[in-house]
Structures are given as structure tokens and as C-alpha cells.
Amino acid sequence: MAFDKMELRDIEVWDGNFAAAQAMRQCQIDVVAAYPITPSTPIVEGYAKFLADGYVEGEFVMVESEHAAMSGCIGAAAAGGRVATATSSQGFALMVETLYQASGMRLPIVLNVVNRALAAPLNVNGDHSDMYLGRDSGWIQFDAYCPQDAYDLNFIAFKVSEDHDVRLPCMVHQDGFLTSHTAQGVHTLTDDQGYGFVGEFKPMNDMLDFEHPVTHGVQTEEDWHFEHKARQHNDLMTKVMPKIQAAFDDFEKLSGRKYNIVEKYDMDDADVCVVCMGTSVETAREVATEMRAQGIKAGVVGIRVIRPFPFFEIREALKDIKAIAALDRSSPGGTVGMLFNEIAGSLYNSDSKALLSGYVYGLGGRDLTKANLVALFKELQANVDAGKVTTPLQQFIGVRGPKLAYL
Amino acid sequence: MSEMKKIKNLKEFSTSADRFEGANLLCPGCAHSIIVREVLNATNDDMVLSASTGCLEVCTAVYPYTSWDASWIHIGFENGSTAVAGAESMYKALKNKGRLKQPERNPKFVSFAGDGASYDIGFQWISGCMERGHNIMHVVLDNEVYANTGGQRSSSTPIGSSATTSPAGRVSYGEKKNKKDMVAIMAAHGIPYSAQVAPNKWKDMVKKIQHGFSVDGPVFINAVSPCTTEWKFDPKDTMHLTDLSTDTLVFPLYEIIDGHELNITYRPKNVIPVEEYLAAQGRFKHLFKDEYKYLIKEWQERVDANWAYLQRREEARV
């Protein structure tokens, strides 16, 4: 069986889903086991069309559920080859059991997650509930802010995930509809450049090496379970970030596009900043620039790598900031938001005297408007001026009805 | 093409090189290990195996030990079939791409799972694998109960059996529902081969396993696996119980080709009354009370009706 290469223009007009599908094609995946779900379906459809048109030479298995999709990916990865799939929301939730199994078995798999709210109430639009649900699963998590990122981060994800010192599965997140269905100019790699970057898959502990039979997915109880989990955590904490940085560096050399573990915007002399993820980063950057014209020295920190969480990079990025807003696009279900928690954890015991407040926004695809962010930056400046947090620690923004605020 | 393993007698068969080691934690008298050895010994080809969560899995791969001298994977309770299907897909992909390390080999892909992991929680995954036409074999180690977790009823548990979640009691005779006909359901997927086997009839089993390995597409095997712990019989009597299961026709041995052509593969010379099968097991003990004896009669009628049905199916050749 052979396959054809595809001629791409230097800049193609792609939405985030098609950008991810194109990256998957260029990485020459051996097995994709997938199940469709809005809004990630076009990734799977795009890949299926590449296959139907002879641009892909792998096995494409359309299974009967997302749980089976990840189960098939685990079996395929253990057999020894390049594996990827895509999902969203309820499908991601159905996969959760197998997410832990994939990472615990140290199998390199790339999962494109097109972020969407979790029911109930049922909702097909973008928020970060599914992304947050995966945050303790032992996967590496990258966050894309636009179709270009969704494309580029797939190559980086394969490179990091398949590294023999890492061998951990990797998610590439993008915002449902806002990124996945919004076409933008995407700078492309040629097929040779893209495949050359990720390189040929190098199997390890592969079940298809019959000279070296291997047992995957063993039982451990109180005697060994803790050591297995601790080693996995240790590798996430100590080995992964340097590999990500190296992959970012290599990718910059190849493409000229620079990714950072945290993406700082106008942070050098900023007094106030927001920390956020996904498409909100771009909106916040635009508003921050406008705030500077109004005399508020505003900056933005985007989280590029959600897991492992960049504690030191966050501490460094925020060390001179006077007031910080943590923006969480997921209902925290009875506590503070994840970003609020992680930022507080990063800064605690440091010299930072920053005032930290949390905002929950955009659930179920509710827009985060520029006006929302203008008001937010003004609140941060008011905190700086007062020398204390002048608002409750947690506020809901953009929700109808009486203002919701806690703590 | 792989070469069919030739087996002359039981001694030769039982002394084949073991890829499933005797060093495991299964109960003395457990039929699982007998069935697994019979399946593995039916071929000399390499194997990619899975076990769904259950007795076989927890007793054979406790870190840092393994009983498996073959590629083996366990993911979860419901997805052992899909694990092997994923590996089989990778095999096809690497074969097409010329990247197999040992391209001359003809590996066989087999998933083992209990009745709980097959009839109940893994039902959808197995159905998906059968529908998609993977070149895999799914073998159910059917002991009619969630034995690994202490004897809860599954949809394979037969009427009148006392299980911990359908216990016999002062006002109950135990399980109220009849066993799901899994072989028929799997055959209805139109798969090339499905069969019921028993470890006592090892020649019949090996013939079926070898036929399963020779066809192109998914194969479903239901193996009766008497459970000394939950069926409540003496560990030395496993083969006796298996003989009773086949010779009472409670577990008739048959195969279904291409989803429709049914062949009975074993006809007991002397059919034993079902009552003897029930009487040999503690799980049916309460049925011998006067008020429940009608259930024994119904059991016999049900087994007779099923045997008549199988014979009609066989005669009809449809």
C-alpha cells in the first residue's frame, strides 16, 4: 500500500479541526481509533477523507464509543506504533477510565480534545470543563489558542509523547467552535518537514516483537502501586518540561514559530495581568493593549502547558505583578477555579505580594467580551490602588441575573 | 500461511511448550487455566493476548510476576476485546508499511474474558469488534458468575443458581432470569465462526480453536468453566462437573458457521439427567427442597427444548 503526499500552500485557510487533521496526516499515524462527537467530529471526518483519497497509509478504526476509541488506541500503542484520536466533552468524559489506563501503562498517544462543556444541561459549545476533567489523569496537556497552534502543537505533542524518556500520552486542546470551526490563515509545513520533525516511530516494549514477549497492564496492590504512580508523577515533574522546551526550540528552528511554556504578553513592566487559556488569551491581549492607552499597565499570561503545570515559569512570570486575575472557564463545583489554585500554589512561599482574584467565565460557550475584560482590568487596578483585593475572591462574569460572587 | 499444529494425543498436547505458566494464583481446580492452555496449545504461532479484568487477569499478572510467555495486555473490565482489536489494527498497519520486526510470523490475536466481562459490561465492546471484522478471537471463560469479586450474578447466571446478589433465601430460589444466549447473539453479527466448547472435550475444543484461527474475521468462543469456589464443588471434581455439563446437554457443544450454519459437534452416548448436574453443585442445593423441585423439572424441560432447537437448526442447514 502506498500513499500520496499533499501539496500545501505556505498559508492555508483552515479551522482548528482541519489543522489538527492535517497535522495528524503529516505525522503518518499508524492507527487512529475514533468516534465522532461535536465539535471534534471534523477532525475524524477530515482524517477519514484523507484515507479515502489515498493520503494516509494507516488503519482507521471507527469504533462504537469513545471508551472503545481510547481502548483501541491503548491496544494499538502497546502493539508498537504511532497512535492518535480526537474527542470532546461527553466523549472525553466517557474516556476518562481509559485515560488513566493509557498514562499508567506509559503509552504514547496523542488525543486532540476540542473543548466543550459537560452536561447537564446538555451543551455543544466551548468551555474548559472537559479539559479540567483530564487534569489529574497523568497526561501531558497542551493548549492551543488558534488554528495555527492546533496544527503546530500536534507535531510537538507526538515528539514529546513518543520520547523514550517520557512515554506519556499527550492531549492537544483547542476551544470548541471558536478555534475548531473558525477558519484562519495557517502557516503550513510541507509533508516532509512535518514528518521529519516527529520522525519515525521508535517502538518500546512493543507487543508485536515476538522475540521479547511483554506483559502490559499488570496488577499492583499496596506493595507496588504507589511506586508506579510516584514514578509517573516524578517523570511528569522532572523530565517532561525539558523535553517540551527542546521540542519548542526545535520547532522554532524548523518553522520560525516560537512557543513558550507560559506565553507572556506585555509582562515586562506590567502592574496587573490576567492568566487564562484558549481563545481568551488573544482577546485579553487585545484588551491589555487598549488598557495601556488608558494608563493601566496591563499584561497577559497564557498557559501553554497545563500538565505538567509550569509552577516555576508562572512564579517567574508573575513575580513583579501587583494584581492578578485567574480566569477559569469551568464551573469549579464548590471551590475556587483550577487556575486560581495553581497560581496561588505557585506564588505561595515566594516573595510575591500579588493580590490574586478569581473569575469564572464563558461556561457553555458564553462569550467573554472585551467589555468584560475592560471591567476586569479596572478591578485589578483598583486592587492595586487600594493595596488589597476590593472584590470577592471569586466572581462570575458574563452571567445574567444578580452578580454572583463568593469568598 | 501459518501451519496447522498437529496433535496426536493428550499427552503430546498437554506437554506442548507452555506459554501460560502453571505459576499462577488461580484456585486449585479452576477450569480457566485448563481452557487457556488448550487454546494456546492449539497453535505454534505467536500470540497477542488480552485478559479483561477478572480471575484470569488478577491471578496471572501480579507485578513483578507474569504467567504469560507471550505478548499480553490488560486494560480494564470491559475492553479486553478492543485492546486486542487495537493491536490487530496495528499489526495490519505495520504489515502494510513493511515495519514488522518479524514479518514472517503469523500472530494470532485472542482476548480472554469472563462472562461478566463479556455478557454484561464488555458486551458493547465485543459487539463492536465482531461487527468491524477484526481478525481476532474472543474466548469467554463462562463460569456463570462474577467469581473474582465473590460470586455476584451476571446475565450468564442460570435460573435457580444462588449468587451473592441473587441469593437463595427463605422466600427466594435465587436467580430468576435465564442465561443470555451469547453464542446466538454473536453469530447474529454474521461472523465467520462462533462455537461453544468445554475443556473436557479437548479434541473438539482444539478443532474449533484451530478452525477459528484459520478463518478470516472475528471468532467468538464460549467455554464452560466450572468454578469450584462459586459453583461449590470439590476442586478435584472439575472435570467431572465439566463432563456433567456437556453430557446433560446443559452446555451442548456446537458451532455456527458464517452466522447461520449450525453443527452439533458432540452427541453424548448416554444423556445424563440435568438433576445430576444440579445436585453436584452447592449453588443449586436449595432446589432440592420440596417447594422448588418443580424448578428441576423446568430445568430439564428447558435443556430438552434447547437441544431439540439445536437439532432442528442443524437439520435445516440454514
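List of remarks:
- Residues in the stretch B:271-293 that are in contact (Cβ under 8 Å) with a residue 24 or more places away in the chain, part of a helix (DSSP H, G or I) and among the aliphatic types (A, V, I, L, M): B:V274, B:L278, B:L287.
- Residue satisfying condition, being assigned to a loop (DSSP other than H, G, I, E, B) and more than 14 Å from chain B (Cβ to nearest Cβ), within set A:A288, A:A270, A:A284: A:A270
- Residues that are free of Cβ contacts under 8 Å to residues at least 60 places away in the same chain and crowded, with 24+ Cβ neighbours inside 10 Å within the stretch A:107-139 comprise just one, A:D130.
- Residues that are within 14 Å of chain B (Cβ to nearest Cβ) and without any contact (Cβ under 8 Å) to a residue 12 or more places away in the chain within the stretch A:39-71 comprise just one, A:L51.
- Test for A:S71: is it surrounded by fewer than 24 Cβ atoms within 10 Å (Cβ to Cβ) and polar (S, T, N, Q): no
- Candidates A:D152, A:D175 - the one that is buried (at least 24 other Cβ atoms within 10 Å of the Cβ) and under 22 Å from A:M95 (Cα atoms): A:D175
- Evaluated against (1) farther than 17 Å from A:I37 by Cβ; (2) in a helix (DSSP H, G or I), A:P108 falls short on exactly one condition, (2).
- Residue in the stretch B:14-27 that is assigned to a helix (DSSP H, G or I), touching a Phe, Trp or Tyr at 6+ places or on another chain (Cβ under 8 Å), more than 9 Å from every other protein chain (Cβ to nearest Cβ) and in contact (Cβ under 8 Å) with a residue 40 or more places away in the chain present: no
- The stretch B:28-41, residues that are of a type in the set (A, V, I, L, M) and outside any helix (DSSP H, G or I): B:A31
- On inspection, B:A187 fails the criterion of being touching a Gly at 6+ places or on another chain (Cβ under 7 Å), closer than 24 Å to B:L244 by Cα and hydrophobic (A, V, I, L, M, F, W, C).
- Selection status of B:D237, modelled with pLDDT of 95 or more, under 25 Å from B:R313 (Cα atoms) and part of a helix (DSSP H, G or I): no
- For beta carbons closer than 8 Å, sequence separation of 6+ or different chains, a first residue in the stretch B:294-318 that is farther than 25 Å from B:Y173 by Cβ and a second that is not hydrophobic (A, V, I, L, M, F, W, C), the qualifying pairs are B:L310/B:P252; B:L310/B:Y254; B:E314/B:Y254; B:E314/B:N263; B:R317/B:E261; B:V318/B:H260; B:V318/B:E261.
- Single residue of B:H134, B:H211 found to be touching a Ser or Thr at 6+ places or on another chain (Cβ under 9 Å) and under 24 Å from B:A87 (Cβ atoms): B:H134
Rundown of residues vs (1) within 22 Å of the chain's Cα centre (by Cα); (2) buried (at least 24 other Cβ atoms within 10 Å of the Cβ); (3) modelled with pLDDT of 95 or more; (4) not polar (S, T, N, Q), yes/no style:
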| position | (1), (2), (3), (4) |
| --- | --- |
| A:G16 | yes, yes, yes, yes |
| A:M24 | yes, yes, yes, yes |
| A:Y35 | yes, yes, yes, yes |
| A:Y55 | no, no, yes, yes |
| A:G75 | no, yes, yes, yes |
| A:V83 | yes, yes, yes, yes |
| A:S89 | yes, yes, yes, no |
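- Condition met for A:A2 (modelled with pLDDT of 95 or more and of a type in the set (A, V, I, L, M, F, W, C)): no
- Only one entry in A:E221, A:E227, A:E252 is surrounded by fewer than 18 Cβ atoms within 10 Å (Cβ to Cβ) and either in a loop (DSSP other than H, G, I, E, B) or at the interface with chain B (Cβ under 9 Å from one of its Cβ atoms) (or both), namely A:E221.
- When the stretch A:193-218 is filtered for residues that are more than 7 Å from chain B (Cβ to nearest Cβ), part of a loop (DSSP other than H, G, I, E, B), touching a residue at least 60 places away in the same chain (Cβ under 8 Å) and not polar (S, T, N, Q), the ones remaining, listed by number, are A:F201, A:P203, A:M204, A:D206.
- The residue list B:S118, B:S127 contains one member that is surrounded by fewer than 24 Cβ atoms within 10 Å (Cβ to Cβ), in contact (Cβ under 8 Å) with a residue 60 or more places away in the chain, within 17 Å of A:H67 (Cα to Cα) and small (G, A, S), which is B:S127.
- Residue count for the stretch B:65-84, restricted to those that are without any contact (Cβ under 8 Å) to a residue 40 or more places away in the chain and in contact with a helix residue (DSSP H, G or I) (Cβ under 7 Å, 6 or more places away or on another chain): 5.
- Residues in the stretch A:113-120 include none that are within 14 Å of chain B (Cβ to nearest Cβ) and within 19 Å of the chain's Cα centre (by Cα).
- Listed conditions (1) surrounded by fewer than 16 Cβ atoms within 10 Å (Cβ to Cβ); (2) more than 30 Å from A:S88 (Cβ to Cβ); (3) among the hydrophobic types (A, V, I, L, M, F, W, C) are all met by A:A371, apart from (2).
- From the list A:I261, A:I296, A:I244, the lone residue that is away from every other protein chain (no Cβ under 13 Å), more than 18 Å from A:L153 (Cα to Cα) and touching a residue at least 40 places away in the same chain (Cβ under 8 Å) is A:I296.
- Counted as qualifying within the stretch A:1-93 are the helices (runs of 4 or more DSSP H) with 3 or more residues that are out of contact with any Phe, Trp or Tyr (no Cβ under 9 Å at 6 or more places or on another chain), namely A:41-52, A:66-79.
The values are calculated or read from the model by the stated rules, or taken from the named source; none is laboratory data. Bear in mind that the values here come from a model prediction, so they are computed numbers and not experimental data. Glycine gets a Cβ as well: all are built from the backbone with ideal geometry, and neighbour counts include every protein chain shown.
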